[in-house]
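The values are calculated or read from the model by the stated rules, or taken from the named source; none is laboratory data. Quick caveat: nothing in here was measured; it's all calculated off a predicted structure. With ideal geometry, Cβ positions are generated from the backbone for all residues, glycine too; neighbour counts draw on all protein chains shown. Side chains included, ligands, DNA and RNA excluded: accessible areas come from the protein's heavy atoms. Shrake-Rupley method; radii C 1.70, N 1.55, O 1.52, S 1.80 Å.
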Amino acid sequence: MIQKHQKPAYAVRTAGILVIALLTACGKSSSGTGSTSLFEKIPQSVSGEDASPEETDGDGRFTFLDANGTEHRADINPLALAGSYDADQFVLNDEGIMTYTGDGYTSESGIDVSDHNGAIDWKKVKKAGCQFAFLRIGYRGYTEGGLVADSTFAANKKGCEKNHIPYGVYFFSQAVTEAEAAQEAAYVLKLLDGTVPELPVVYDPEYITDASSRTRNTSGNQFTLNALAFCDVIRAGGCTPGIYMNITWQFDQLDMAAFNELPVWVSDYQPVPQSPYHFEYWQYSYQGTIDGIPDSDVDLDIRLIPAQS
């Protein structure tokens with residue numbers, strides 16, 4: 001998750017801290033406060049290249065672009081659930097909304113928010129066309145590890161419910177052990193206080209490069225185990241768990257086969273998603289605008305829903 005008003009590639013929703021999660025960069029979109037369409041046009045990536053999930057190099061390895069537009073080669077996990085989307089069918093419509101027109105799926109447009117977005121007028125957000133939202137419910141501090149509730153969660157939850165916007169929640173994790181991840185999940189359930197969101201309760205694992213960061217030496221294997229521990233507790237609490245990640249983490253950190261049964265939310269700011277793996281949600285920009293949130297850029301998402309047979 002990117003901290004608002006920061007340079008693109010490395011900033012997350014913890015003010016002033018750079019993270020190693022390499023999110024693909026894009027240029028800044030124009031911002032406006034009076035538009036009634038949901039999203040502004042999404043700019044092209046810094047690299048100017050479109051990476052396709054179908055691309056492989058001469059030795060059959062997958063290629064993708066990192067935050068600096070540099071091409072990387074990686075092996076695809078053969079045990080992980082493969083994606084079934086046609087990259088050519090992801091299209092920005094005339095209002096700047098990302099749509100999917102391929103067979104087998106319908107799509108919805110949404111946003112994800114936290115206290116960095118300030119007070120939100122959810123009636124205007126709904127009128128502008130928002131069909132779903134992910135709300136940050138809390139986070140763990142990156143140094144001492146305290147658990148903190150997002151100060152706007154209660155208001156955002158109430159706003160979504162009042163305006164009939166389906167929502168999920170996410171927790172920004174700094175867990176270094178499975179026990180800490182389970183603790184975070186229990187904290188989320190406590191904050192939900194019996195509410196079962198219609199959309200997933202998402203684990204957002206990040207590590208921060210600051211010298212005092214508690215996760216800076218955490219291995220990818222440990223991040224995977226932490227995610228599963230969090231999801232087990234959330235599932236036992238009666239909610240649907242999910243996991244958030246970026247394209248780089250899919251190859252450099254996480255065991256994607258471990259998440260075959262979970263909703264995956266991937267961030268990638270290329271014009272089409274690069275991931276070769278199955279995902280349900282794609283965060284395709286962090287610099288959108290929407291009526292009802294006038295004072296900050298907004299993360300933009302698309303949800304892929306299997307069409308009913």
*Here are THR195, THR224: which of them is closer than 22 Å to PRO166 by Cβ, surrounded by fewer than 22 Cβ atoms within 10 Å (Cβ to Cβ) and of a type in the set (Ser, Thr, Tyr)?*
THR195
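Listed here are the residues, each with its yes/no results for (1) open to solvent by less than 10 Å² (accessible area, probe 1.4 Å); (2) touching a helix residue (DSSP H, G or I) at 6+ places or on another chain (Cβ under 9 Å); (3) assigned to a helix (DSSP H, G or I).
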{"residue": "THR218", "(1), (2), (3)": "no, yes, no"}
{"residue": "ALA229", "(1), (2), (3)": "no, yes, yes"}
{"residue": "VAL233", "(1), (2), (3)": "no, yes, yes"}
{"residue": "ILE243", "(1), (2), (3)": "yes, yes, no"}
{"residue": "LEU262", "(1), (2), (3)": "no, yes, no"}
{"residue": "VAL266", "(1), (2), (3)": "yes, yes, no"}
{"residue": "GLN283", "(1), (2), (3)": "yes, no, no"}
{"residue": "GLY288", "(1), (2), (3)": "yes, no, no"}
*Would you tally the residues in the stretch 72-112 being under 28 Å from GLN253 (Cα atoms) and of a type in the set (D, E, K, R)?*
5
*Give me a count of the residues in the stretch 89-121 that are over 30 Å from GLY138 (Cα atoms) and aliphatic (A, V, I, L, M).*
2
*Condition test on THR24, is it part of a loop (DSSP other than H, G, I, E, B), modelled with pLDDT under 95 and loosely packed, with under 14 Cβ neighbours inside 10 Å?*
no
*Meets criteria (over 18 Å from HIS116 (Cα atoms), in contact (Cβ under 8 Å) with a residue 40 or more places away in the chain and assigned to a helix (DSSP H, G or I)) for ALA175*: no
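When you scan the stretch 290-297, do you find a residue that is closer than 30 Å to ALA119 by Cβ, touching a residue at least 40 places away in the same chain (Cβ under 8 Å) and in a loop (DSSP other than H, G, I, E, B), even just one?
The answer is yes; a qualifying residue exists.
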*With respect to ASN117, is the statement that it is more than 30 Å from ALA155 (Cα to Cα), modelled with pLDDT of 95 or more and not aromatic (Phe, Trp, Tyr) true?*
no
*Across the stretch 198-211, what is the total count of residues that are of a type in the set (Ser, Thr, Tyr), out of contact with any helix residue (DSSP H, G or I) (no Cβ under 6 Å at 6 or more places or on another chain) and open to solvent by less than 60 Å² (accessible area, probe 1.4 Å)?*
1
_Being at pLDDT 75 or above, out of contact with any helix residue (DSSP H, G or I) (no Cβ under 9 Å at 6 or more places or on another chain), surrounded by 14 or more Cβ atoms within 10 Å (Cβ to Cβ) and among the charged types (D, E, K, R) narrows it down to one residue among GLU95, GLU40; which is it?_
GLU95
*asked:* Go through the stretch 108-144 and report how many residues are assigned to a loop (DSSP other than H, G, I, E, B), closer than 20 Å to TYR207 by Cβ and open to solvent by 10 Å² or more (accessible area, probe 1.4 Å).
replied: 4
*Residue satisfying all of: in the stretch 297-309; open to solvent by 10 Å² or more (accessible area, probe 1.4 Å) and not charged (D, E, K, R); nearest to VAL125 (Cα to Cα) among these*: ILE305
*Considering THR209, THR218, THR240, which residue is closer than 28 Å to PHE132 by Cα and among the β-branched types (Val, Ile, Thr)?*
THR240
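Quick check on PHE64: is it within 16 Å of the chain's Cα centre (by Cα) and open to solvent by less than 10 Å² (accessible area, probe 1.4 Å)?
No: the conditions fail for PHE64.
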